[in-house]
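The values are calculated or read from the model by the stated rules, or taken from the named source; none is laboratory data. These figures come from a predicted structure and were not determined experimentally. Reconstructed Cβ throughout: ideal geometry from the backbone, glycine too, with neighbour counts over all protein chains shown.
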Amino acid sequence: VRGSAARPEVYLTYGPLVNSLRPAADVTFRDAAAVWGQDVLAVVLTGMGRDAVEGARTIADAGGMVLAQDEPSSAVWGMAGAVVDAGLATAVLALDRFATTVPTLCRSIPRPSEPCEAPDAVAIPEQVVREPIPMTPYF
């Protein structure tokens, strides 16, 4: 994720593996925290390994929120469990609670003064494999 809160861009790259993965939650979370800071709401669902812990730490340090799926509703409680064990989860929820909790929290985040718009011209980084996808954090 690059750009600004009013003009974010998402890129898929062939950059180095992080946590033996590409894409990696740690990279996405870190970049989201750099763009949106305290307005980030991250969700960590069932998954293997510790990917998301360092990214969740970056989001928490920026004042954002991290929701983690609880163990009973997870097929694998690796990623979410690691975030919870590290003390980085703002809340730990059963899977069926995300459908109501996420929209409620998103409505509480102030919207940017300008709507997100696609840039007229984009400098494509060397390792990008797709065009940027303009997006907004408000679904």
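With respect to residue 37, is the statement that it is small (Gly, Ala, Ser), at pLDDT below 95 and touching an Asp or Glu at 6+ places or on another chain (Cβ under 9 Å) true?
Values: small (Gly, Ala, Ser): yes; at pLDDT below 95: yes; touching an Asp or Glu at 6+ places or on another chain (Cβ under 9 Å): no.
Here the answer is no, as residue 37 does not meet what is asked.
Can you pull out the strands (runs of 3 or more DSSP E) entirely within region 1-112 that have at least 2 residues that are surrounded by 20 or more Cβ atoms within 10 Å (Cβ to Cβ) and of a type in the set (S, T, N, Q)?
By residue number, no strands (runs of 3 or more DSSP E) qualify.
Residue 41 passes all but one of (1) more than 12 Å from the chain's Cα centre (by Cα); (2) in contact (Cβ under 8 Å) with a residue 40 or more places away in the chain; which number fails?
(1)
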